[in-house]
Amino acid sequence: MRIDVLGVGFDNLTHQEAVAKAMGFLEGNKACTVVTPNPEIVEICRENPEAMAVINGADMVLADGIGVVKGAAMLKTPLKGRVPGIEFAAGLMSQLAKEGKSLYLLGGKPNVADLAGKKLQETYPELRIAGTADGYFKDNDAVAEAIASSGADVVFVCLGAPKQEFWMAQYGAATGAKLLCGLGGSLDVFAGVVQRAPVFFQKAGLEWFYRLCKEPRRIGRMMKLPLFLVHVQQEKRK
Ligand code: UDP
């Protein structure tokens, strides 16, 4: 049973439960997908029914960001907590390293995935990086084929939302991977190109504010957050 927040169904899982569920997907025989919508993406889904369908069609939908958790609480259907995509990715990589599984990194500007791979290899020496590719390609089939020939078990697809979700739905099976995770700007963080907010901001639920101060050009996108809260209020009154 998923928890509905303005039409997007979220899995009610803790960080550990989400990682365990994702590891379970590796035992199956299809290409499973994980998505991590934040309030901005929920708003995109409200405007774009195709994006809504593809996100709700994922095998696991995680609440990235405090806004979704607040929204669910306001609607009296609370979630256990948020599961930021980047933390989910870190937990998953620890397990992949332990089990000798391999990971392909797709997305970001040229060299970012490569650099992220090198840094991740230092953090998780046992992790097998099957390959990397930047996110500014034209030939989708060629990328899917390259992933397939790398033999990767898991792919981090970091093309921004909802592009990455559409890509996973369309080309996921052709990659031969058992699990594809849509993780937005995570490779920029793993590569050290973008810093996450200090722990104080993360704990206070103000990571979005820190990000806004660092990257003021995000204001247009971030205006979707108050809009999201207004829509949650409207839904609550219904
Ligand atoms: N990106 C990409 N290909 C594209 C468009 C974007 O690889 O065609 C990358 C971009 O370089 C960035 C990520 O996708 O690394 C999106 O980052 P953003 O901060 O928008 O993601 P969020 O985490 O906010 O969804």
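Of note:
- Cα-based helix-to-principal-axis angle, 224-237 vs the chain, degrees rounded to 10: 50 degrees
- For peptides 160-166, 149-155, sequence by mean Cβ density within 10 Å, most packed first: 149-155, 160-166
- Over segment 1-131, the hull volume per residue, using the convex hull of the C-alpha atoms, is 120 Å³.
- Helix 112-123 and the longest principal axis of the Cα set of the chain meet at an angle near 80°.
- Using θ = phi - 60° and Karplus 6.51 cos²θ - 1.76 cosθ + 1.60, couplings along segment 72-89 (whole Hz; Gly, Pro as x): 4, 5, 4, 7, 6, 10, x, 9, 4, x, 8, 10, x, x, 5, 6, 4, 4
- By average C-beta atoms within 10 angstrom, highest first, the peptides 171-182, 23-34: 171-182, 23-34
- Percent of Cα pairs exceeding the 29 Å cut-off, where the set is the chain: 24 percent
- By DSSP, the beta bridges lying fully in the chain are antiparallel in about 15 percent of cases.
- Taken over segment 98-145, the percentage of Cα pairs per 10 Å bin, counting from 0 up to the bin with the maximum distance, is 27, 49, 21, 2.
- Measuring nothing but protein heavy atoms, the accessible surface of the chain at 1.4 Å probe radius is 55 percent carbon and sulfur.
- 3J(HN,Hα) couplings calculated from phi for segment 37-52 with the Karplus curve 6.51 cos²θ - 1.76 cosθ + 1.60 (θ = phi - 60°) are, in sequence order, x, 10, x, 4, 6, 4, 5, 4, 5, 5, 8, 10, x, 5, 5, 4 Hz; Gly and Pro show x.
- Of the residues GLY205, ALA90, LEU105, the one whose Cα sits farthest toward the positive end of the charge dipole of the chain, with +1 on the Cβ of Lys and Arg and -1 on the Cβ of Asp and Glu, is GLY205.
- Unit charges at the beta carbon, dipole of segment 2-237: most positive-side option, ASN29, VAL19, PRO39: PRO39
- A simple packing score, the average count of other Cβ atoms within 10 Å per residue, orders the peptides 136-144, 61-69 as 61-69, 136-144, with the highest score first.
- Normalised per residue, the accessible area of the chain is 48 Å², obtained with a 1.4 Å probe and no contribution from ligands, DNA or RNA.
- Cα Rg, Dmax, segment 1-75, angstrom units: 12.4, 38
The values are calculated or read from the model by the stated rules, or taken from the named source; none is laboratory data. This one's a predicted model, so the numbers in the text were calculated from it and none came from an experiment. Virtual Cβ from ideal backbone geometry, glycine too; neighbours counted across all protein chains shown. Accessible surface areas use protein heavy atoms only, side chains included; no ligands, DNA or RNA. Shrake-Rupley method; radii C 1.70, N 1.55, O 1.52, S 1.80 Å.
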